[in-house]
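Read the structure below first, then the notes.
Rule-based calculations on the coordinates, nothing more; no lab input. None of these values were measured; they are calculated from a predicted model. FYI the Cβ positions are ideal-geometry reconstructions off the backbone, even for glycines, and counts take in every protein chain you see.
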């Protein structure tokens with residue numbers, strides 16, 4: 001506009017060129033994603049069979065075997081983490097949405113923000129010093145607590161955001177009827193925001209199901225099937241990390257199959273979450 | 001109503017009030033526990049890294065060597081590795097995340113195509129890091145390898161350096177220090193040997209000498225050729241080594257008791273053909289310290305040696321560049337989705353005003369949307385950076401994991417996060433451990449500060 005000589009055709013051309021570039025650049029990004037999904041699917045689908053999900057890995061050099069240890073371990077660790085994180089996260093979210101101002105909620109909210117940004121490997125280190133070293137050994141439950149700490153910010157934020165959206169009249173109506181505070185919250189407010197909270201929980205499960213770094217120093221890994229939460233336990237992401245870095249072809253095969261299972265579980269959880277959150281429009 | 005009813009009612013109410021108080025206190029307690037967790041994380045990191053902070057001080061940050069065996073800790077290679085990978089990834093990702101933000105925020109906010117793109121971007125953030133790493137290791141690495149080969153990114157021997165990670169030498173279980181006590185010659189083979197140390201000219205029967213570690217004094221050779229300037233000691237050594245190997249030597253130890261300078265060193269530019277057996281040179285001081293007992297034929301010394309030519313074992317394709325590539329894909333969603341939100345928030349009257357003045361779409365984006373969303377887009381980039389700095393698994397799997405200073409964008413390296421992932425469980429003594437925790441502390445502080453600045457900017461932007 002500073003050069004009046006430039007013709008409208010030139011300017012429109014430039015605009016179209018820009019639009020084209022933006023379009024191409026934006027959609028190029030989907031290529032690696034599709035490449036990864038396609039590649040994992042192609043490599044993984046041939047490895048999955050009944051043995052794969054019911055047997056434990058064979059030693060180096062032997063072919064066959066499965067990843068039952070990692071499947072069971074992941075289910076145990078993630079389930080335990082969810083059991084720990086959900087009540088804590090929801091209650092903390094309730095507190096923050098009920099107390100929008102105030103010093104405690106300010107600091108608490110700040111800590112949630114900080115925790116969300118903490119690299120997972122740092123959580124792993126700290127949990128090692130808090131849980132593994134004092135108890136004298138790697139264990140599934142310490143892994144669960146590490147993952148639960150990582151789930152907290154997501155659950156708290158989604159609970160807080162969901163409950164903020166509910167009209168105050170809902171709460172006021174309950175209180176006017178003489179209901180005690182805790183009943184208003186637990187019987188009216190939380191059920192009204194239930195699907196929003198649940199989708200936050202599912203999203204947090206999807207995020208931590210693929211986490212490896214905090215488990216390196218807590219749950220460690222285990223070649224054998226283990227259901228004792230006080231012992232080291234294998235998980236899918238750790239198995240993938242460990243086997244992918246090994247030169248053994250058979251272990252690579254196990255890692256491919258495990259990747260497929262992990263990837264599809266995580267993507268499925270995300271898609272379900274997306275469908276349920278559409279109603280709530282929560283920013284996470 | 002009768003008395004009983006009133007009594008019941010009162011009792012009931014007291015119970016409710018008590019429950020109410022318990023509930024409220026629980027909420028407060030949980031909010032406090034949240035603070036305790038985060039403060040506890042911070043304090044734990046500080047306390048556990050105290051030994052390293054106290055004994056290493058600031059020189060920890062710009063020390064170039066990381067050698068846990070000799071208790072030398074310098075974090076510069078990792079700081080550099082983290083900065084290089086993160087910023088390179090950021091530079092690669094910015095055009096793409098900007099394009100997504102503009103496309104979804106301005107050009108096409110609705111419709112199936114933009115829905116597809118939006119969901120795809122969200123799924124990019126959802127794929128577990130370890131899967132990115134695995135994919136990168138088996139798909140991206142060979143591609144980068146081909147690229148590097150065609151660009152001839154490496155000159156021969158660039159990575160030929162002696163490395164404590166791969167080279168070890170111990171005599172009777174006493175470890176010799178690389179460089180100060182011994183070094184493998186640049187044409188030493190890549191192999192491991194455990195055996196008895198036997199002098200080269202020993203009169204023991206061949207059956208005993210087979211496959212053992214032979215030892216050779218360079219003294220006679222050097223003295224005989226003292227005045228010949230054209231004499232090449234390396235040629236002589238390779239010849240002897242090959243001869244000895246034919247005779248059944250499993251490895252060769254060289255030493256020099258003559259006092260004549262032999263000028264032997266690890267020459268990384270050396271292009272002599274590789275030998276099959278390990279050939280190590282033991283310096284005079286170390287020889288006196290570890291070997292004097294072995295000059296007889298008693299076989300009292302057991303050697304265990306591993307020499308590796310890193311040039312042969314470090315596969316091309318892994319390194320800082322590959323790590324940055326995979327990282328750049330992983331961090332796109334953070335800047336993109338925030339940028340989209342920001343661009344959507346630009347008030348339409350502003351844009352419509354510009355259109356009414358006859359601006360083209362490009363001009364509206366450049367002169368209205370960009371200036372308006374500048375700080376928001378910057379915050380998105382900061383969040384991406386925070387992600388990139390702390391990302392561990394994918395980077396660990398493709399960066400090559402060496403503790404040396406990176407020499408180029410294609411050289412293998414280590415980031416702060418990847419060195420913790422690799423070495424934390426193996427750390428054998430307190431200082432080593434606490435040096436690693438100090439890396440974690442630095443990582444914690446940097447990512448928290450970056451995230452806080454980003455969030456502050458977003459908050460200010462959305463409040464305006």
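Panel note: the C-alpha atoms of chain B, placed on their principal axes, show extents of 114, 78, 38 Å (largest first). Put simply, the convex hull of the Cα atoms in the protein assembly as shown casts, on average, a shadow of 45.0 nm².
Counting neighbouring Cβ atoms within 10 Å and putting the fewest first, the residues A:256, A:107, A:50 line up as A:50, A:107, A:256. Between 0 and 90 degrees, rounded to the nearest ten: what's the tilt of helix B:233-247 against the longest Cα principal axis of chain B? Orientation of helix B:233-247: about 80 degrees from the principal axis.
Our summary gives chain B a relative contact order of 26 percent, counting only alpha carbon pairs under 8 angstrom and 6 or more residues apart.
Got the relative contact order for region A:190-237 handy, in percent, Cα pairs under 8 Å and 6 or more residues apart?
Values: 28 pairs, mean separation 13.8, N = 48.
It comes to 29 percent, rounded to a whole number.
Can you classify region A:76-126 as rounded, prolate or oblate using the Cα gyration tensor, where a ≥ b ≥ c are the square roots of its eigenvalues, rounded means a/c under 1.5, and otherwise it's prolate if a/b beats b/c and oblate if not?
In terms of gyration-tensor shape, oblate.
Against the longest alpha carbon principal axis of chain B, how many degrees, from 0 to 90 and to the nearest 10, is the axis of helix B:370-390 turned? Taking the Cα atoms of chain B, the angle to B:370-390 is about 40 degrees. Of the residues B:138, B:185, the one with the fewest other Cβ atoms within 10 Å heads the list, and the complete ranking is B:138, B:185. If R0 is 30 Å, what FRET efficiency do you get for residue B:61 and residue A:230 from their C-beta distance, rounded to 0.05? Step by step, r from the Cβ atoms, then E = 0.15. The value obtained for region B:191-239, namely the Cα convex hull volume divided by the number of residues, is 92 Å³ per residue. Classify chain A: rounded, prolate or oblate, from the alpha-carbon gyration tensor (a ≥ b ≥ c, eigenvalue square roots; a/c under 1.5 rounded; otherwise prolate if a/b is larger than b/c)? Oblate, because a/c is 1.5 or more while a/b does not exceed b/c.
The overall shape of region B:88-134 is oblate: from the C-alpha gyration tensor, with semi-axes ordered a ≥ b ≥ c, the ratio a/c is 1.5 or greater and a/b is no larger than b/c. The separation of region A:161-181 from region A:9-80, counted between C-alpha centres, amounts to 44 Å. The relative contact order of chain A comes to 26 percent, based on Cα pairs under 8 Å that sit 6 or more residues apart. Against chain B, whose longest principal axis comes from its Cα atoms, helix B:141-151 is set at around 70 degrees.
Within 10 Å of each residue's Cβ, count the other Cβ atoms and sort A:169, A:162, A:30, A:135 from fewest upward. Don't skip to the end; give the middle numbers.
Working: A:169 9, A:162 26, A:30 17, A:135 12.
Neighbour counts put them in this order, fewest first: A:169, A:135, A:30, A:162.
At q = 0.10, 0.17, 0.18, 0.23 Å⁻¹, work out log10 I(q)/I(0) for region A:174-284 with the Debye formula, treating every Cα as an identical point scatterer and leaving solvent out; two decimals please. For region A:174-284, the Cα-only Debye profile gives -0.48, -0.89, -0.94, -1.17.
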